[in-house]
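Chemist: Mind looking over this structure? Questions follow.
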Amino acid sequence: MMAWLAQHARSFGATLARLARAPLGAALNILVIGIALSLPVGLYVVIANLQASSHQLAAEPQVSAFMALDASRAEVAQIEARLKQNPRVERFRFVPREQALQELKQASELADVVDSLPQNPLPDAFVVNARDSTPQALEALRDEIKQWPRVVHVQLDAAWARRLDAALRLGRLAVAILGALLALALVAVTFNTTRLQVLTQRDEIEVIKLIGATDAFIRRPFLYFGALQGCAGGIVAWLIVSGGVSLLNHNLGELSHVYATLIQLKHLSLGDSLSLLALPAALGWFAAWLSVGRHLALIEPGAGK
């Protein structure tokens, strides 16, 4: 076991030495990988923040139930009791017709017109917030309330919910496609870089094959090279995204002050950050394994003699 660990430690050290011998080329490769990874990760952060803070971007979707104009207090109380017992309802607010009329007068320039009306034309209403704000759940709650006695109209703000749900689904699909494409790009970059490393050390590989080195022994430093390059690219991507989020939060502070509400983007979670380091490392390892396996079979001691 100790011998196995010592072999891996030597391979890891040799990989670090190889990177140190060509710092500019290694840095440019890592920078390219980091910038490429930061694009889908940044988009993922934006979508995650939109999903978590959607109630700050628009009014929360609600169901408004309007009673008949001649509904009695007992009938209104019956609807209120049904709402309290309904498992789909998170909370609700009762708006008496008198309060609705006063709010109409205060919110418009038609106070004189409202005062001249012979009677209040507005009904009692309930404004309902559902536990599940998906369009399907809101529509199901609307259809249920429609069937209740003395409820003459039910209005649903489903357009906002549908637009937001569709936008988030589209955004998640865009992240998946962009992430897959850039993962392929990472594999291609690492594959080509490893190929050049193998060709550069062709003579050295032939010599150590002559003295009995196995393919696994020869392949090991290149695998570490691919993994380190991918992990370093993940670190660069994390720094770019975190810096971007911090910069945006600094500027969003002024917007929060204007709207008197906290508007702030959340950084990558610990799990997401670890995934950003582990996934590129795994892809780099895989690309290096493919590249070395492909070219190592073509290198035989004395083949070029």
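The values are calculated or read from the model by the stated rules, or taken from the named source; none is laboratory data. Just so it is clear, the model here is predicted, and its values are computed rather than measured. Quick reminder, even Gly has a Cβ in these numbers, built from the backbone with ideal geometry, and neighbours come from all protein chains shown.
Chemist: Within the bounds of the stretch 74-83, is there any residue that is crowded, with 16+ Cβ neighbours inside 10 Å, out of contact with any Lys or Arg (no Cβ under 6 Å at 6 or more places or on another chain), modelled with pLDDT of 80 or more and more than 27 Å from ALA140 (Cβ to Cβ)?
Modeler: For the stretch 74-83, residues crowded, with 16+ Cβ neighbours inside 10 Å, out of contact with any Lys or Arg (no Cβ under 6 Å at 6 or more places or on another chain), modelled with pLDDT of 80 or more and more than 27 Å from ALA140 (Cβ to Cβ): absent.
Chemist: So, one more: Looking only at helices (runs of 4 or more DSSP H) that lie completely in the stretch 135-221, which have at least 1 residues being in the same structural domain as ALA281 (by TED's automatic domain parsing) and closer than 30 Å to ARG91 by Cβ?
Modeler: Numbers: elements: 135-146, 158-200, 202-210.
Once the helices (runs of 4 or more DSSP H) in the stretch 135-221 are filtered for at least 1 residues that are in the same structural domain as ALA281 (by TED's automatic domain parsing) and closer than 30 Å to ARG91 by Cβ, what remains is 158-200.
Chemist: When PHE225 is evaluated against the numbered criteria (1) crowded, with 16+ Cβ neighbours inside 10 Å; (2) more than 18 Å from LEU283 (Cα to Cα); (3) at pLDDT 80 or above, which criterion, by number, is the only one it fails?
Modeler: Of the numbered conditions (1) crowded, with 16+ Cβ neighbours inside 10 Å; (2) more than 18 Å from LEU283 (Cα to Cα); (3) at pLDDT 80 or above, the odd one out for PHE225 is (2).
Chemist: Given the residues ALA166, ALA237, which is the only one that is within 19 Å of LEU31 (Cα to Cα) and either in contact with a Gly (Cβ under 8 Å, 6 or more places away or on another chain) or loosely packed, with under 14 Cβ neighbours inside 10 Å (or both)?
Modeler: Values: ALA166 fails: within 19 Å of LEU31 (Cα to Cα).
Of the residues listed, the single one that is within 19 Å of LEU31 (Cα to Cα) and either in contact with a Gly (Cβ under 8 Å, 6 or more places away or on another chain) or loosely packed, with under 14 Cβ neighbours inside 10 Å (or both) is ALA237.
Chemist: Given (1) within 29 Å of the chain's Cα centre (by Cα); (2) touching a residue at least 60 places away in the same chain (Cβ under 8 Å), where does ARG195 come up short, assuming only one miss?
Modeler: Result: ARG195 fails condition (1) only.
Chemist: Which of the residues that make up the stretch 250-277 are aromatic (Phe, Trp, Tyr) and modelled with pLDDT of 75 or more? Give the steps one after another, and end with the answer.
Modeler: Of the stretch 250-277, the ones aromatic (Phe, Trp, Tyr) are 259.
Once the filter is applied, which keeps residues that are aromatic (Phe, Trp, Tyr) and modelled with pLDDT of 75 or more, the stretch 250-277 yields nothing.
Chemist: Kindly establish whether PHE126 is more than 30 Å from ALA281 (Cα to Cα), among the aromatic types (Phe, Trp, Tyr) and touching a Ser or Thr at 6+ places or on another chain (Cβ under 9 Å).
Modeler: Details: more than 30 Å from ALA281 (Cα to Cα): yes; among the aromatic types (Phe, Trp, Tyr): yes; touching a Ser or Thr at 6+ places or on another chain (Cβ under 9 Å): yes.
Judged against the criteria, PHE126 is a match.
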